[in-house]
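Below is one structure, written out as structure tokens; comments come after it.
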Amino acid sequence: MDLLINSPSWNYRDGELYCEDVPLERIARRTGTPVYVYSRRHLVEKYREITAAWRGRSHLVCYSMKSNSTGAVVRTLVGEGSGVDVVSGGELYRALRAGAPAEKIVFAGVGKTEKEIVEGLQAGILFFTVESTPELELISRTADRLGKTAPVALRVTPDVDPRTHRYITTGKAENKFGLDREAALEFYRLCRRLPGIDPVGIHMHIGSQILDTAPFREGVKRLVALLKKLKAEGISLRYLDIGGGMGISYRGEEPPPAAAYAAALRPLLKGLRLTVILEPGRFITGNAGALLVSVLQVKQKAKKNFIVADGAMNDLIRPALYGAWHQIVPVRPGGGKTVRFDVVGPVCETGDILGTGRRFPRPEPGDRLAVLSAGGYGSVMSSNYNSRPRPPEVLVDGESFRVVKRRESYRDLVKGEAL
């Protein structure tokens with residue numbers, strides 16, 4: 001069985017799928033299934049790829065933890081020197097708990113509450129990414145009441161089409177995020193008039209799973225032009241946050257490496273004495289993880305064959321939500337004739353699908369399948385739909401692995417409820 005992702009982190013050895021130096025069957029027997037499995041090696045290598053690409057230029061990588069907020073994943077990257085991009089008070093709490101220095105945390109999000117703003121100010125974060133004038137005014141009132149100064153960066157909508165799925169496009173004029181370029185000048189003028197505000201940066205994030213450097217280049221060009229207008233008015237910023245969105249391979253795409261993105265953008269930044277902030281998420285976590293499931297039954301109908309697995313849309317919702325494609329491979333590929341199957345879960349929804357039209361030798365109940373490229377926007381988007389406990393998560397490090405998040409119990413499902 002060929003792997004689209006074939007690396008030291010994920011490969012077949014002697015007819016069995018390994019994560020690093022651990023056979024996945026060993027993990028399944030220890031933890032049961034479904035279970036999320038992450039490669040520490042992959043996390044570290046992708047982070048280092050980005051930092052190497054920007055070497056020689058003042059920069060800070062702020063890992064976008066909305067892609068995977070599991071403490072051990074965040075702690076691994078923070079240990080490498082990463083900052084963190086958070087979008088809620090809960091993510092801020094998780095980031096600080098994982099050891100992220102507050103001065104390396106940027107706080108984004110289109111609808112921050114006053115409570116979340118207080119939490120960010122009290123922690124001493126690097127800056128708030130501000131999405132609107134009313135939000136700026138709320139931050140000003142809150143900071144002034146607390147006797148603090150809030151560092152802020154405006155999220156500008158550069159109106160660039162990243163040519164990705166419409167649900168993960170965020171930089172076009174019709175999206176809910178940020179302010180248009182035309183409103184940016186007045187925003188920064190207002191920053192100078194409001195108490196408790198320190199304008200330190202400018203930000204863009206044009207979308208996710210982008211497979212071309214051109215949209216990034218166009219977006220940065222528009223931000224650099226805006227920076228020059230601001231400087232002419234005596235407003236000099238310290239940070240240029242270019243967001244995240246670098247794509248990965250799900251089904252044979254060939255996304256540019258981090259060095260290609262850096263090479264496309266560096267010439268635009270010559271002469272600008274500011275620090276570049278990068279917010280990669282999926283680029284680091286996506287292919288670091290897989291969802292390991294077991295076959296419950298094989299079901300044959302007149303028009304289709306189904307593999308019913310114990311993993312479901314509540315565990316990995318991307319195929320149901322986006323129509324996303326994840327490679328699914330047997331942990332121990334057998335021989336014999338291949339048959340076309342839809343791989344589905346036990347949730348009571350027609351949309352409970354992990355993959356359609358996949359060819360495998362006919363499996364037996366108890367056989368394992370690995371749903372690849374599930375390290376980003378996998379466990380973090382899971383739910384308890386159908387009152388299904390969420391799966392455990394495992395971090396592999398060389399020849400060893402450990403459970404970094406235990407499987408939920410039925411008791412966890414009702415925690416906090418009153419009859």
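The values are calculated or read from the model by the stated rules, or taken from the named source; none is laboratory data. Just so it is clear, the structure is predicted and the values come from calculations on it, not from any experiment. Positions of Cβ are generated from backbone atoms using ideal geometry, with glycine treated the same way; all protein chains shown enter the neighbour counts.
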Within region 398-410, restricting to residues that are free of Cβ contacts under 8 Å to residues at least 60 places away in the same chain and either assigned to a loop (DSSP other than H, G, I, E, B) or not assigned by TED's automatic domain parsing to the domain that holds Val347 (or both), the one that is surrounded by the most Cβ atoms within 10 Å (Cβ to Cβ) is Glu408
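Quick check on region 270-282. Is at least one of its residues outside any strand (DSSP E or B), modelled with pLDDT under 95, at positive phi and not β-branched (Val, Ile, Thr)?
We begin by selecting, within region 270-282, every residue outside any strand (DSSP E or B); these are 270-274, 279-282.
When the remaining residues are screened for being modelled with pLDDT under 95, the result is 270-273.
Remaining after also requiring at positive phi: 271.
So of that shortlist, the ones also not β-branched (Val, Ile, Thr) come out as 271.
Yes, region 270-282 has at least one match.
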Residues in region 128-178 that are modelled with pLDDT of 95 or more and either in a loop (DSSP other than H, G, I, E, B) or not assigned by TED's automatic domain parsing to the domain that holds Ala225 (or both): how many?
-> 3
Is it the case that some residue within region 222-240 is under 19 Å from Arg55 (Cα atoms) and in a loop (DSSP other than H, G, I, E, B)?
-> yes
Go through (1) modelled with pLDDT under 95; (2) in a loop (DSSP other than H, G, I, E, B); (3) not hydroxyl-bearing (Ser, Thr, Tyr) and name the single condition Glu349 misses.
-> (1)
Verdict on Ala28 being crowded, with 18+ Cβ neighbours inside 10 Å, under 21 Å from Gly378 (Cβ atoms) and more than 16 Å from the chain's Cα centre (by Cα) | yes
Go through Ile117, Ile125 for me and flag whichever is assigned by TED's automatic domain parsing to the domain that holds Gly271, at pLDDT 95 or above and assigned to a loop (DSSP other than H, G, I, E, B).
-> Ile125
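Name every residue in region 372-389 that is touching a residue at least 60 places away in the same chain (Cβ under 8 Å), on the phi < 0 side of the Ramachandran plot and out of contact with any Pro (no Cβ under 9 Å at 6 or more places or on another chain), in order of residue number.
Looking only at region 372-389, we keep the residues that are touching a residue at least 60 places away in the same chain (Cβ under 8 Å), and these are 372-386, 388.
Narrowing the set further to residues that are on the phi < 0 side of the Ramachandran plot leaves 372, 374-376, 378-385, 388.
Passing the criteria: Leu372, Ala374, Gly375, Gly376, Gly378, Val380, Met381, Ser383, Asn384, Tyr385.
When only residues in region 78-121 that are β-branched (Val, Ile, Thr) and touching a residue at least 60 places away in the same chain (Cβ under 8 Å) count, which is surrounded by the most Cβ atoms within 10 Å (Cβ to Cβ)?
Val106
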Within region 16-75, which strands (runs of 3 or more DSSP E) (wholly inside it) include 1 or more residues that are among the aromatic types (Phe, Trp, Tyr) and without any contact (Cβ under 8 Å) to a residue 24 or more places away in the chain?
-> 16-19
